[in-house]
Amino acid sequence: MSYQEEIAGWRQQRRQAEAQARVNELRQEHTQAIRERDQAIADNDLELAASADDQCQYLENEYRQLVGPQQPQVDPRMAEFVRRRTPFVERHGQAAYEAMDMAHQYATRPRNPNTNNPAHTGMGLTPGTQTYFNAMDDLLTLYAKDFGLRYDPEEKLLDATEAAKISGLPVKTYNQAAQEIGRQGRYSWQQKR
């Protein structure tokens, strides 16, 4: 490594440390500004409340500039739906994800009674609801074959309740045991190959 590369690395580390220090300061300043704003509102001092709220917004903007946009959180119900369809995904790879995405688009697109074109109408379902998940299974069962894929809604990984039932254990006992096995790193997917 050349001297210039070492200096560049050092500068980058310094900038990161300074940015992290500023992020910590921003959190403290924002907490204080929120307290001042809320107290001003409670005291009916709307001028001070507006000023404190402006400060909150300024600090929030600076924070966003430093940390960048936050990644949206994945709905755990949606992640579980995909996880349980692992056999389908393992069999068809990226094509399985594309089929699920097309089914999702159709299931969530608003209904349009003025057309029969599937690209302009849908089911109008809310993602994450049981009706949505049932529709996803139905759509994949009906249309995956049109894309050369085989989808069987019964071919899914077990969830904890089903696994506990099969094992004859109470769900709580089963989950505690599964968590302990995970902590010990004894699952096959945790093993180094």
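Structure notes:
- Hey, Leu149 over 20 Å from the mean Cα position of the chain (by Cα), within 13 Å of Val82 (Cα to Cα) and touching a residue at least 60 places away in the same chain (Cβ under 8 Å) or not: no
- Every residue from segment 99-123 that is of a type in the set (Gly, Ala, Ser) and outside any helix (DSSP H, G or I): Ala119, Gly122
- Top-ranked residue of segment 40-96 - restricted to ones that are basic (Lys, Arg) and part of a helix (DSSP H, G or I), ranked as nearest to Arg22 (Cα to Cα): Arg64
- With respect to the conditions (1) closer than 17 Å to Leu142 by Cα; (2) in contact (Cβ under 8 Å) with a residue 12 or more places away in the chain, Thr86 falls short on a single one, namely (1).
- The helices (runs of 4 or more DSSP H) located wholly in segment 124-193 that include 2 or more residues which are outside the structural domain of Arg83 (by TED's automatic domain parsing) occupy 160-167, 171-183.
The values are calculated or read from the model by the stated rules, or taken from the named source; none is laboratory data. These numbers come from a predicted model, not from an experiment. Ideal geometry is used to build each Cβ from the backbone, glycine not excepted, and the neighbour counts take in all protein chains shown.
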